[in-house]
1. Just the C-alpha atoms of the chain: what Rg/Rh do they give, with Rh taken as the Kirkwood radius?
2. Show PHE110, PHE93, PHE20 ordered by accessible area, largest first, where the area counts protein heavy atoms only and the probe is 1.4 Å.
3. Can you give me the solvent accessible area of ASP128 with a 1.4 Å probe, rounded to the nearest 10 Å²?
4. So for THR101, THR157, THR15, THR8, what's the accessible-area order with a 1.4 Å probe, most first?
5. What angle do you read, to the nearest 10 degrees and between 0 and 90, between the alpha-carbon axis of helix 46-55 and the longest principal axis of the chain?
6. Of the listed pairs LYS67/LYS186; LYS82/LYS186; LYS51/LYS180, which have alpha-carbon separations greater than 30 Å here?
7. Please give the net charge around GLY167, taking every other residue with its beta carbon less than 13 angstrom from that of GLY167, where Lys and Arg add +1 and Asp and Glu add -1.
8. In deg cm²/dmol and to the nearest 500, what is the mean residue ellipticity at 222 nm of the chain if only DSSP H runs of at least 4 residues count, each as -39500 (n - 2.57), divided by the residue total?
Amino acid sequence: MSYLKNETRLINPFTVTIDFAENIMLGADVHNERKASVMRGYYKDSAALEKIITDGNDPLHYETFEKHVPEEYGHLLFCISKIQPGLVGNEFFMTKGHYHTRVNTGEIYFCLQGQGYMVMKTPSGDFDAQKMTRGSMVYVPPYWGHRSVNTGTEPLTMFCVYPGDAGHNYGDIEIEGFPKRVYARKGSDLIE
Ligand code: MN
């Protein structure tokens, strides 16, 4: 596969500010809010999720802040991803998780707030979980599907950056799930 110069648009430089008090991106072009109901089918205890949706009037589960950058080879997309703390049954709140459509693209996640895990899997069944805490930078290599899990009591907030032409593939994770889940246990988290 080769790339032509004209596949990467020329745009003007710009700056965004990350607000370290609120842990949000100021001046974001896109603010995606994922409510609890979008997580139907992802947690082991689906009844517990339904109770959260009903009792909390479909509360915010996680959100992302993004800037408009061309989704092209050569550009870098970036975001702030913020996951609320909580449990669905004994399972910690998490994101849906995804592969990249162009599978040979990696991603950087830099943890700004909270604690949790980046759980990762390959299509052939490899599994990995990297602990995240403020200051941790997780390298998600190409080919690894990834999901973040909040095991703390405050939001888990991360800055992420990835190739502009990576794309998102949620469907395969929706079907396959991950080989392991992260549960709350007395004393330490349980990944099983
Ligand atoms: Mn990604």
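1. Values: Rg = 16.9 Å, Rh = 17.4 Å.
Radius of gyration over Kirkwood radius for the chain works out to 0.97.
2. Numbers: PHE110 75, PHE93 20, PHE20 135 Å².
Listed by decreasing accessible area, they come as PHE20, PHE110, PHE93.
3. 50 Å²
4. Numbers: THR101 90, THR157 0, THR15 125, THR8 50 Å².
Descending order: THR15, THR101, THR8, THR157.
5. The helix 46-55 is inclined about 90 degrees to the chain.
6. Working: LYS67/LYS186 40 Å; LYS82/LYS186 25 Å; LYS51/LYS180 23 Å.
Check vs 30 Å cut-off fails for LYS67/LYS186.
7. Working: positive: ARG102; negative: GLU71, GLU72, GLU107, ASP165, ASP172.
Net charge around GLY167: -4.
8. Working: 2 runs with 16 residues, N = 192.
Rounded to the nearest 500, it is -2000 deg cm²/dmol.
The values are calculated or read from the model by the stated rules, or taken from the named source; none is laboratory data. What you are looking at is a predicted structure, and each value in this text was computed from that prediction instead of being measured. All Cβ positions, glycine included, derive from the backbone under ideal geometry; neighbour counts span all protein chains shown. For the accessible areas, the whole protein counts, side chains as well, though only heavy atoms, and no ligand, DNA or RNA atoms are used. Shrake-Rupley method; radii C 1.70, N 1.55, O 1.52, S 1.80 Å.
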